[in-house]
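Q: Sharing a structure with you now.
The values are calculated or read from the model by the stated rules, or taken from the named source; none is laboratory data. Since this is a predicted model, take the numbers as computed values, not measurements. Surface accessibility is based on the protein's heavy atoms, side chains included, excluding ligands, DNA and RNA. Shrake-Rupley method; radii C 1.70, N 1.55, O 1.52, S 1.80 Å.
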Amino acid sequence: QPSTSDGAVVLTVGAVASGVSDADVTGDDVELLTVRMRVLINAGQSTTHEGVLSVSRVNLVNAGNEFIVQNGDALVLDARDGVHASANLAVEARVAVGAHAY
């Protein structure tokens, strides 16, 4: 259970989106969620914030409404190699880029 200071997002999905086939959501390697984070300007440059995101799945059911997974931690991918229980967020300095045309 998240503490009162943790942020929590709860997602409930009732069906597979139209145009998605059973093959798209079948197997051992099915992407469930993509999270993009925006960094505040005072986050500090060239730093890594450890353990900023973890995912718990309470109930995961298939299209036939059968339970696949109950009460477990999900694995996340970040800039490190491999999968982890929580994600790190690396903040890099802004780099000015430009294009010159003649």
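Q: Sort ASP28, ASP73, ASP81 by heavy-atom solvent-accessible area, probe 1.4 angstrom, most to least.
A: ASP28, ASP81, ASP73
Q: Might you tell me the accessible area per residue for the chain, computed with a 1.4 Å probe and given in Å²?
A: With the other protein chains kept in place, the chain gives 92 Å² per residue.
Q: Continuing with this model, one more query. Taking a quarter of the surface of the convex hull around the Cα atoms of the chain, what do you get in nm²?
A: 11.3 nm²
Q: Could I ask something else about it? Determine how many Å³ per residue the convex hull of the Cα atoms of segment 28-82 encloses. The partial results should precede the final answer.
A: Numbers: hull volume 6.3 nm³, N = 55.
Taking only Cα atoms, segment 28-82 has a hull volume of 114 Å³ per residue.
Q: On full extension of the chain, what length is gained from ASP29 through THR12, given 0.36 nm per residue of separation minus the C-alpha to C-alpha distance?
A: 4.1 nm
Q: Which value, in Å² rounded to 10, gives the accessible area of LEU40 with a 1.4 Å probe and all protein chains present?
A: Its accessible surface works out to 110 Å², give or take rounding.
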